[in-house]
Amino acid sequence: MKENSTYHDGLEFNHLPESLRKNPFALPENYFSDLESKIIGQVKWMECKDESVFEVPEGYFDSLPDLVLSKIAEDSLKNKVALEGFTIPEQYAGILTEDIFHRISEENLKEKIQSDGFTVPTGYFQTLEQNITTDIAEAELKDIVSTEGFAVPVNYYSDLEASILARVTEEKLKDAIPAAGFDIPSHYFDNLSDKIIGAIQEAEQERDSTPIRHLGKQKKWYARYTVAASFTAMLALGGYWGYQYQQQNAFTQEQDKLAEEQLSQHLSEIPKQEIINYLSASASGDDIIYMSQYTDETNLPTKGFGTNISKQEIEDYLNYTL
């Protein structure tokens with residue numbers, strides 16, 4: 001009796017199930033589109049494989065909603081491309097490996113360099129609103145005013161090269177000579193007043209001790225008084241003419257007086273120390289003694305020009321000149 005086997009029922013050559021009819025060498029759907037991300041994920045997984053403790057990246061849960069939404073958008077785009085058609089670019093397979101290695105190198109470099117090297121300036125966010133408002137106002141002003149209103153000076157471009165070369169030469173000279181080469185002695189300004197006063201006193205003592213020698217024949221007494229009278233008359237005439245001129249030009253003198261007061265006010269605001277520093281740097285020792293002697297407040301006239309000259313000085317001057 002022949003036994004009928006039912007174990008292979010329906011598995012004949014023409015009766016194979018659909019699961020056995022598929023080609024085992026066919027590529028999965030979206031294989032090449034997902035290949036890059038899968039390789040990068042595999043590399044990262046291999047790097048983290050040796051670590052015994054797994055740590056959640058910093059800010060992972062904060063950025064998780066954005067990552068999920070981007071993944072959903074990516075899947076939607078992939079489905080849309082799959083439905084509408086997608087063509088592989090030319091030479092895609094040839095440059096795929098190179099692109100993958102570049103992407104891996106970029107990811108490794110980002111992991112090593114945590115910062116991009118740029119820092120936010122101090123007070124950047126505090127002044128950001130004001131800077132934006134200023135830029136907007138500037139743009140609106142440029143729309144209103146079509147021209148800048150600035151004119152290039154005469155011979156600007158012709159003299160530009162010479163000016164640049166002169167500036168470069170100056171900078172090179174400053175680099176070669178770091179200091180000015182002039183040094184002020186120690187305690188120079190502390191002892192300057194004492195030196196000036198001492199020099200003035202020595203000059204006065206030398207002048208008092210120097211005898212006056214009369215050359216030539218003896219002058220008669222009435223000649224001296226005649227010259228003195230002439231000198232006095234000349235001063236009187238000069239004063240009279242000056243008074244007349246002052247009466248005729250009262251308005252002009254008032255303006256000059258106002259300008260002189262303004263100048264005096266401006267000069268009075270200059271510190272004395274700056275004046276001393278300027279005189280010390282630009283004048284010689286004899287000039288400083290001369291200016292300190294004749295600009296002393298005790299030597300200034302109080303009642304008019306020439307009133308502080310003594311009769312003895314006038315007589316000595318006349319004896320020396322006649």
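No value in this document is a laboratory result; all are computed from the given coordinates. Because the structure is a prediction, the values reported are computed rather than measured. As a convention, Cβ positions derive from the backbone with ideal geometry for all residues, glycine included, and neighbour counts pool all protein chains shown.
Structure data summary
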| item | result |
| --- | --- |
| V152 versus K174: modelled label distance in nm, points set 7 Å from Cα along the beta carbon direction | 2.7 |
| Extension gain from D159 to I197, taking 0.36 nm per residue of separation minus the Cα-Cα distance | 8.6 nm |
| Restraint check, K44/K78; K44/K71; K38/K112; K38/K110; K80/K112; K71/K110, Cα-Cα greater than 30 Å | K80/K112 |
| FRET efficiency estimate (nearest 0.05) - Cβ-Cβ, N30 to L64, R0 30 angstrom | 0.80 |
